[in-house]
1. Please determine whether any residue of the stretch 43-52 is open to solvent by less than 30 Å² (accessible area, probe 1.4 Å) and in contact (Cβ under 8 Å) with a residue 12 or more places away in the chain.
2. Name the single residue that is modelled with the lowest pLDDT among those in the stretch 77-107 being open to solvent by 90 Å² or more (accessible area, probe 1.4 Å) and assigned to a loop (DSSP other than H, G, I, E, B).
3. Only one of Leu120, Leu73, Leu115, Leu47 is modelled with pLDDT of 95 or more, more than 15 Å from the chain's Cα centre (by Cα) and aliphatic (A, V, I, L, M); which?
4. Select from the stretch 1-21 the residues that are among the hydrophobic types (A, V, I, L, M, F, W, C) and open to solvent by 50 Å² or more (accessible area, probe 1.4 Å) and write down the one among them that is modelled with the highest pLDDT.
5. Mind listing just one residue for me: the one in the stretch 22-42 that is of a type in the set (A, V, I, L, M, F, W, C) and open to solvent by 70 Å² or more (accessible area, probe 1.4 Å) and, of those, nearest to the chain's Cα centre (by Cα)?
Amino acid sequence: MRSLPFSIENLNGGFMKVEGILRVESENLVFEYKKKDAVVEAYESDLMSETIPLSELDMLEFKKGWFSGKLILHGKRASSFGDLPGKELTERVLKVKRKHRNVAANISSNLNLKLSEQKLNELED
């Protein structure tokens, strides 16, 4: 599966944003990202990384817009996303450019299928 470039916007009252790449590695989501100043882009943090197990996710949702798309990750707990920045407690909204919408839609559908299989397996046990 291809890597997905994303951004998380309107952090810290609109003064900060996150730009990064999402990769799917076996049963984990791996985020590599930098925090940036959203106003004049004078500040940029070092590269950070966060690994989130698929078992921490409840579902993924992809919403297509005119010029971009949004991949919305819904976590099971407030601690599901670790140190990954975001406005909501149990969800992260990743903004995706138009040219990467197909990759985001594929990631969403494939991971939702995996999550459904995991839930079925838990019910059988």
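The values are calculated or read from the model by the stated rules, or taken from the named source; none is laboratory data. Remember, it's a predicted structure, so these values are computed and weren't measured experimentally. In this analysis, Cβ positions are derived from the backbone assuming ideal geometry, glycine residues included, and neighbour counts consider all displayed protein chains. Side chains included, ligands, DNA and RNA excluded: accessible areas come from the protein's heavy atoms. Shrake-Rupley method; radii C 1.70, N 1.55, O 1.52, S 1.80 Å.
1. The answer is yes; a qualifying residue exists.
2. It comes out as Lys87.
3. Matching residue, one of Leu120, Leu73, Leu115, Leu47: Leu47.
4. Ile21
5. Top of the filtered list is Val39.
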